[in-house]
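The values are calculated or read from the model by the stated rules, or taken from the named source; none is laboratory data. The structure presented is a predicted model; accordingly, all values stated were derived computationally and were not measured. In this analysis, Cβ positions are derived from the backbone assuming ideal geometry, glycine residues included, and neighbour counts consider all displayed protein chains. Calculation scope for accessible area: heavy atoms of the full protein, side chains included, ligands and nucleic acids excluded. Shrake-Rupley method; radii C 1.70, N 1.55, O 1.52, S 1.80 Å.
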Amino acid sequence: EGLEDLLQLVARWGVVFRDLLARETLALPWRDLQWAFRRLEARGTLRGLHYQVQQTQGKLVRVTAGEVYDVAVDIRSSSVTFGRWVGVTLSAANRRQLWIPPGLAHGYLVTSDVAEFQYKATAYYSPADEGVLAWDDPSVGIEWPLDAPPTVAPAGRTDAETSEEANMGRREVQDWID
């Protein structure tokens, strides 16, 4: 049912000197995580499905406030799970994390009023290298838990009318990185 190399993790919390401590002690199959990013999003926001073409990224993702429905699609033509998708609810309450290996398209839908989404990546974002798989592509058939039409983030749109808006968003991210 899953995707090749996709891992679900649950953080263990403990009390240490009256502070909460999350410890990630598993030996996991990624290189050093180089880039951390955090987004605050509103209900109904849909991001993705993004991937990097040449400079692929593995991502460790989690939600630290609220809830999202997180989706990964295997777009690696050599994979035994090519073309399949997995959707997982990530929330601050369930403390699940998802390791998304390089070569998968990734996106999420905010299902709570507000969500704080965090990820760490194995490589820096390269705007010129970004690809987008349509969130509603019928050949993939993702079953998003929608109760209303989503607000698709500009960089996740694939039609020509929004390409300039998407490029502007990518430039803003690149400016922030630089």
task: Report, ordered by the first and then the second residue, all pairs with beta carbons closer than 9 Å, sequence separation of six or more or different chains, a first member in segment 81-101 that is closer than 18 Å to LEU60 by Cβ and of a type in the set (S, T, N, Q), and a second member that is open to solvent by 40 Å² or more (accessible area, probe 1.4 Å) and not in a strand (DSSP E or B).
output: THR89/PRO145; GLN97/GLU24
- request: Scan segment 81-111 for residues that are open to solvent by less than 20 Å² (accessible area, probe 1.4 Å) and among the charged types (D, E, K, R) and jot them down.
  value: none
task: Return yes or no: is ASP129 in contact with a Lys or Arg (Cβ under 6 Å, 6 or more places away or on another chain), more than 15 Å from ALA153 (Cα to Cα) and surrounded by fewer than 16 Cβ atoms within 10 Å (Cβ to Cβ)?
output: no
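Collect the residues in segment 67-80 that are more than 17 Å from the chain's Cα centre (by Cα) and either loosely packed, with under 14 Cβ neighbours inside 10 Å or part of a strand (DSSP E or B) (or both), keeping them in residue-number order.
Residues of segment 67-80 more than 17 Å from the chain's Cα centre (by Cα): 77-80.
SER77, SER78, VAL80 - these are the residues of segment 67-80 that are more than 17 Å from the chain's Cα centre (by Cα) and either loosely packed, with under 14 Cβ neighbours inside 10 Å or part of a strand (DSSP E or B) (or both).
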message: Pairs needed: first member in segment 116-143, at positive phi; second member anywhere, surrounded by fewer than 16 Cβ atoms within 10 Å (Cβ to Cβ); C-beta distance under 9 Å; at least 6 residues apart or different chains.
response: none
- line: Expected single match for at pLDDT 90 or above, over 22 Å from GLU130 (Cβ atoms) and either open to solvent by 10 Å² or more (accessible area, probe 1.4 Å) or in contact with a Ser or Thr (Cβ under 8 Å, 6 or more places away or on another chain) (or both) among GLU24, GLU116, GLU4 is GLU116
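Restricting attention to segment 37-60, which residues are at pLDDT below 90, in contact with a strand residue (DSSP E or B) (Cβ under 8 Å, 6 or more places away or on another chain) and of a type outside the set (Lys, Arg)? Even if it seems obvious, please write down each step before you answer.
Of all residues in segment 37-60, those at pLDDT below 90 come to 37-41, 48, 52-60.
Filter once more, keeping what is in contact with a strand residue (DSSP E or B) (Cβ under 8 Å, 6 or more places away or on another chain): 37-41, 48, 52-53, 57-60.
Listed by number, the residues that qualify are PHE37, LEU40, GLU41, GLY48, GLN52, VAL53, GLN57, GLY58, LEU60.
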